[in-house]
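What follows is one structure encoded as structure tokens, with my remarks underneath.
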Amino acid sequence: PTRTTQYVWTAKGAPSKESARPRGEQRRRARADARKKARELGAALGAAVTAVDVAEPPAKFAEELRSADCVYVAGGNTFWLHHHCKQTGGLYDVVRDRLGGGGGDDELLYIGVSAGA
């Protein structure tokens, strides 16, 4: 079966005060970049990789995270990521439920870089 990886890009999507672009445009560009990165990761890994933004309501991503073999949380703005993880609970709930399960079939591989670590 194809392994599934969820690429959590939320920390990379934090708006920058220094940018001349409006916040909405910054987020749209970050979302497009995340989808491109997910495609590149999928091609390199030979896995199905989906871009996930935990700033969205959990209904949009919780089931994908719960069924993933791996969650890759990218670096960026730690405070932005933490704020949205606390606000929605989705990522924290999945990690808490799936990590450290004793090596069973339902155990999750968590990879975090910088803010995602």
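For segment 9-30, name all the residues that are within 21 Å of K86 (Cβ to Cβ), of a type outside the set (V, I, T) and open to solvent by less than 70 Å² (accessible area, probe 1.4 Å).
The answer is W9, A11, G13, A14, P15, R27, A30.
Yes/no matrix, rows are residues, columns are (1) of a type in the set (G, A, S); (2) within 14 Å of T10 (Cβ to Cβ):
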position	(1), (2)
R29	no, no
R35	no, yes
T50	no, yes
A55	yes, yes
A59	yes, no
R66	no, no
C70	no, no
T78	no, yes
H83	no, yes
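List the number of the failed condition for R21; all other conditions in (1) in a loop (DSSP other than H, G, I, E, B); (2) basic (K, R); (3) within 21 Å of T2 (Cα to Cα) hold.
Tallying (1) in a loop (DSSP other than H, G, I, E, B); (2) basic (K, R); (3) within 21 Å of T2 (Cα to Cα), R21 fails exactly one: (3).
Taking segment 6-35, which residues are touching a Pro at 6+ places or on another chain (Cβ under 6 Å) and at pLDDT 90 or above?
Q26
Taking the options A115, A59, name whichever one is without any contact (Cβ under 8 Å) to a residue 24 or more places away in the chain, of a type in the set (G, A, S), under 26 Å from R28 (Cα atoms) and in a helix (DSSP H, G or I).
Exactly one residue qualifies, and that residue is A59.
Could you please let me know if A68 is within 13 Å of the chain's Cα centre (by Cα), open to solvent by less than 30 Å² (accessible area, probe 1.4 Å) and more than 16 Å from G116 (Cα to Cα)?
Spelling it out, A68 is indeed within 13 Å of the chain's Cα centre (by Cα), open to solvent by less than 30 Å² (accessible area, probe 1.4 Å) and more than 16 Å from G116 (Cα to Cα).
Run T50 past the list (1) at pLDDT 90 or above; (2) surrounded by 13 or more Cβ atoms within 10 Å (Cβ to Cβ); (3) assigned to a helix (DSSP H, G or I) and report the number of the one that doesn't hold.
(3)
One residue is enough: does segment 103-116 have a residue meeting the conditions modelled with pLDDT under 85, under 19 Å from G13 (Cα atoms) and buried (at least 20 other Cβ atoms within 10 Å of the Cβ)?
No, there is no match, as no residue in segment 103-116 is modelled with pLDDT under 85, under 19 Å from G13 (Cα atoms) and buried (at least 20 other Cβ atoms within 10 Å of the Cβ).
Report whether or not A38 is over 14 Å from the mean Cα position of the chain (by Cα), modelled with pLDDT of 80 or more and not in a loop (DSSP other than H, G, I, E, B).
no
The values are calculated or read from the model by the stated rules, or taken from the named source; none is laboratory data. Because the structure is a prediction, the values reported are computed rather than measured. Using ideal geometry, Cβ is built from the backbone for each residue, glycine included, and neighbour counts are taken over all protein chains shown. All accessible areas refer to the heavy atoms of the entire protein, side chains included, with ligands and DNA or RNA removed. Shrake-Rupley method; radii C 1.70, N 1.55, O 1.52, S 1.80 Å.
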